[in-house]
1. Could you pull out the residue among PHE270, PHE322 that is touching a strand residue (DSSP E or B) at 6+ places or on another chain (Cβ under 9 Å) and surrounded by fewer than 19 Cβ atoms within 10 Å (Cβ to Cβ)?
2. Taking LYS22 as the residue in question, decide whether it is touching a helix residue (DSSP H, G or I) at 6+ places or on another chain (Cβ under 8 Å), part of a strand (DSSP E or B) and of a type in the set (D, E, K, R).
3. GLU32 is checked against (1) surrounded by fewer than 16 Cβ atoms within 10 Å (Cβ to Cβ); (2) in contact with a Pro (Cβ under 9 Å, 6 or more places away or on another chain) and fails just one. What number does that condition carry?
4. Only one residue in LEU344, LEU324, LEU256 is touching an Asp or Glu at 6+ places or on another chain (Cβ under 9 Å) and more than 27 Å from MET47 (Cβ to Cβ), so which one is that?
5. What about THR276, is it among the polar types (S, T, N, Q) and without any contact (Cβ under 8 Å) to a residue 24 or more places away in the chain?
6. Condition (residue is assigned to a loop (DSSP other than H, G, I, E, B) and either surrounded by fewer than 19 Cβ atoms within 10 Å (Cβ to Cβ) or in contact (Cβ under 8 Å) with a residue 40 or more places away in the chain (or both)) applied to the stretch 128-138: is it met by at least one residue?
7. Could you pull out every one of the strands (runs of 3 or more DSSP E) wholly within the stretch 234-325 that has 1 or more residues that are of a type outside the set (A, V, I, L, M), in the same structural domain as ILE96 (by TED's automatic domain parsing) and within 20 Å of ARG206 (Cβ to Cβ)?
Amino acid sequence: MKGKMRAAVKTKPAFGSIQVKKVDIPAIEPDEVLVKLKIASICGTDMHIYEWDAWSQKRIKPPLVQGHEWAGEVAEVGSACTWAKVGDYVSGEGHINCGHCYQCRTGNPHVCENVTILGIDRPGSFAEYMPVPERNLIKNDADLPLEYATIQDPLGNAVYTVFNGDCVARDVAIFGLGPIGLMAVAVCRHIGAKRIFAVGHKNEYRIRLAKKMGADRVIKSSEEDPIEVIMDETGGQGVDEALEFSGGEDALKQALKVLKSAGHIQILGFYAKPVTIDIDSLTTKGASIHGIHGRRMFEDWYRMQGLFKSGINLMPVITHKFPLDDIADAMELMRSGDCGKVALLP
């Protein structure tokens with residue numbers, strides 16, 4: 001397909017520097033499809049790029065069309081594609097694995113050595129059209145709301161984190177109430193966790209959202225000691241599972257303190273600097289820590305389909321929608337923290 005499209009472009013290596021411009025509609029490779037975007041949503045990674053932090057300075061090469069959370073329709077199909085059809089309602093995995101490294105060939109493509117990522121290493125979803133490898137597509141049910149279809153990438157992170165542990169009928173502590181932590185609250189509630197302790201720092205907006213998503217007890221760590229609260233309310237036993245989304249050293253230490261013996265900590269959060277924890281405590285508790293990266297391809301996508309079919313309620317986490325032209329306003333709202341997931345409508 002030839003022609004021009006509107007796209008939000010990170011134009012230069014500096015804070016902000018995102019402009020909606022007319023650019024060429026991308027050409028597709030034989031094994032790719034061209035997706036006409038219906039909705040996209042903003043990830044924390046997009047905020048890193050917007051703010052031009054140390055990670056972005058090392059990884060991102062402007063000009064770049066950002067975005068890797070999306071849903072849309074197939075508009076064009078490459079000559080080597082075998083099953084995608086024009087008009088299919090799709091979302092897709094944003095991590096493009098190589099298929100030939102050790103991890104890919106031993107069942108772990110989510111930690112591919114040579115991964116490339118939509119909206120980071122190649123053009124992304126903050127646009128009217130985007131090329132995607134056919135093998136990365138997921139066909140959505142026709143009745144799946146666009147709001148759910150676009151958040152499957154971050155929801156998959158929450159699903160991996162929750163299901164990698166043993167959260168059904170168990171006490172769970174969730175540290176960090178950004179959008180993925182909030183989704184984890186909803187997933188734990190939906191699958192029947194015994195009690196859900198949700199720990200935020202001081203963001204009142206997201207603390208209120210955690211209650212809406214189904215937390216039994218929400219703790220503002222700037223006002224209450226999470227260790228005291230959780231140990232008191234569990235009769236001194238602690239929790240079976242601790243899910244750490246915040247990327248804060250204090251939260252990780254608190255997670256270890258409130259963990260039962262033989263419990264598990266799942267870590268999705270990224271830390272700005274190396275952390276120090278009491279390894280002897282982990283050892284004497286017989287506990288384990290597992291690092292979570294991305295989503296299991298494509299196991300967690302099929303789990304999400306099951307959660308949608310069984311009626312999980314995620315609507316409270318999708319709090320704002322902006323037209324693509326107002327992307328700078330959307331980014332500034334995300335920076336404020338007074339929101340859940342923020343969507344863009346191309």
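1. Working: PHE270 fails: touching a strand residue (DSSP E or B) at 6+ places or on another chain (Cβ under 9 Å).
So the residue among PHE270, PHE322 that is touching a strand residue (DSSP E or B) at 6+ places or on another chain (Cβ under 9 Å) and surrounded by fewer than 19 Cβ atoms within 10 Å (Cβ to Cβ) is PHE322.
2. Numbers: touching a helix residue (DSSP H, G or I) at 6+ places or on another chain (Cβ under 8 Å): no; part of a strand (DSSP E or B): yes; of a type in the set (D, E, K, R): yes.
No: the conditions fail for LYS22.
3. Evaluating GLU32 over (1) surrounded by fewer than 16 Cβ atoms within 10 Å (Cβ to Cβ); (2) in contact with a Pro (Cβ under 9 Å, 6 or more places away or on another chain) leaves (1) as the failure.
4. Details: LEU344 fails: more than 27 Å from MET47 (Cβ to Cβ); LEU324 fails: more than 27 Å from MET47 (Cβ to Cβ).
Exactly one of LEU344, LEU324, LEU256 is touching an Asp or Glu at 6+ places or on another chain (Cβ under 9 Å) and more than 27 Å from MET47 (Cβ to Cβ), namely LEU256.
5. Numbers: among the polar types (S, T, N, Q): yes; without any contact (Cβ under 8 Å) to a residue 24 or more places away in the chain: no.
Against the criterion (among the polar types (S, T, N, Q) and without any contact (Cβ under 8 Å) to a residue 24 or more places away in the chain), THR276 does not qualify.
6. So in the stretch 128-138, the residues assigned to a loop (DSSP other than H, G, I, E, B) come out as 128.
Still in the running and either surrounded by fewer than 19 Cβ atoms within 10 Å (Cβ to Cβ) or in contact (Cβ under 8 Å) with a residue 40 or more places away in the chain (or both): 128.
So far as the stretch 128-138 goes, yes, one or more of its residues are assigned to a loop (DSSP other than H, G, I, E, B) and either surrounded by fewer than 19 Cβ atoms within 10 Å (Cβ to Cβ) or in contact (Cβ under 8 Å) with a residue 40 or more places away in the chain (or both).
7. Values: elements: 239-244, 259-267, 288-291, 318-323.
Strands (runs of 3 or more DSSP E) meeting the threshold: 318-323.
Results for (1) in contact with a Pro (Cβ under 7 Å, 6 or more places away or on another chain); (2) surrounded by fewer than 20 Cβ atoms within 10 Å (Cβ to Cβ); (3) not assigned by TED's automatic domain parsing to the domain that holds ALA330, shown as yes or no for each residue.
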{"position": "MET47", "(1), (2), (3)": "no, yes, no"}
{"position": "LEU64", "(1), (2), (3)": "no, no, no"}
{"position": "ALA80", "(1), (2), (3)": "yes, yes, no"}
{"position": "GLY87", "(1), (2), (3)": "no, yes, no"}
{"position": "CYS98", "(1), (2), (3)": "no, yes, no"}
{"position": "VAL111", "(1), (2), (3)": "no, yes, no"}
{"position": "THR116", "(1), (2), (3)": "no, yes, no"}
{"position": "SER125", "(1), (2), (3)": "no, no, no"}
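The values are calculated or read from the model by the stated rules, or taken from the named source; none is laboratory data. None of these values were measured; they are calculated from a predicted model. Using ideal geometry, Cβ is built from the backbone for each residue, glycine included, and neighbour counts are taken over all protein chains shown.
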